[in-house]
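Below: the structure, in structure tokens.
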Amino acid sequence: MQDKTKIIDSLYERNFLDDSEEIVLSDGFDDALIGVTCSNPKVAIYDFWKGIDCIMKSDNDVTFDEALDWLEDFAQLKMEENELLTPIFVKTL
């Protein structure tokens, strides 16, 4: 797992974020981060399937189906809250 501070620093160093911009990262999903949106405000984008892997690695008792259900519910809840900076989970092909 990567250090969240290092991830954020890297986003600024690579000019993915301007000095005046902030970004919200989801705790425990550092290894699933795949990028940020190009639109403003910037939003973190996570690979949904890697997110499931992160959940399963954090708790060996969680099955794939349980992790799938939890992450789908979590992602849907965040979208319904309609917060502009809410991270996005993308089901990659």
| query | What residue, among those in segment 22-37 that are of a type in the set (Asp, Glu) and open to solvent by 30 Å² or more (accessible area, probe 1.4 Å), is nearest to Leu71 (Cα to Cα)? | reply | Asp27
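Determine which member of the set Gly35, Gly51 is touching a helix residue (DSSP H, G or I) at 6+ places or on another chain (Cβ under 6 Å), closer than 18 Å to Leu85 by Cβ and either outside any loop (DSSP other than H, G, I, E, B) or not aromatic (Phe, Trp, Tyr) (or both).
Gly51
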| query | How many residues are open to solvent by 60 Å² or more (accessible area, probe 1.4 Å), free of Cβ contacts under 8 Å to residues at least 24 places away in the same chain and not in a loop (DSSP other than H, G, I, E, B) if we restrict to segment 57-77? | reply | 10
| message | Checking Lys50 against (1) at pLDDT 90 or above; (2) more than 18 Å from Lys4 (Cβ to Cβ); (3) open to solvent by 20 Å² or more (accessible area, probe 1.4 Å), only one condition comes out false. Which one? | response | (2)
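So that you can scan it fast, the table gives a plain yes or no per residue for (1) surrounded by 16 or more Cβ atoms within 10 Å (Cβ to Cβ); (2) under 14 Å from the mean Cα position of the chain (by Cα); (3) touching a residue at least 24 places away in the same chain (Cβ under 8 Å):
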position: Asp9; (1), (2), (3): no, no, no
position: Ser39; (1), (2), (3): no, no, no
position: Tyr46; (1), (2), (3): yes, yes, yes
position: Lys91; (1), (2), (3): no, yes, yes
| remark: Only one of (1) touching a strand residue (DSSP E or B) at 6+ places or on another chain (Cβ under 9 Å); (2) in contact (Cβ under 8 Å) with a residue 60 or more places away in the chain; (3) farther than 16 Å from Val90 by Cα does not apply to Ser26, and that is (3)
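The values are calculated or read from the model by the stated rules, or taken from the named source; none is laboratory data. Note that the coordinates shown come from a computational prediction; the quantities given were computed from them, not determined experimentally. FYI the Cβ positions are ideal-geometry reconstructions off the backbone, even for glycines, and counts take in every protein chain you see. When the accessible area is computed, the model is the full protein with side chains, heavy atoms only, and any ligands, DNA or RNA have been set aside. Shrake-Rupley method; radii C 1.70, N 1.55, O 1.52, S 1.80 Å.
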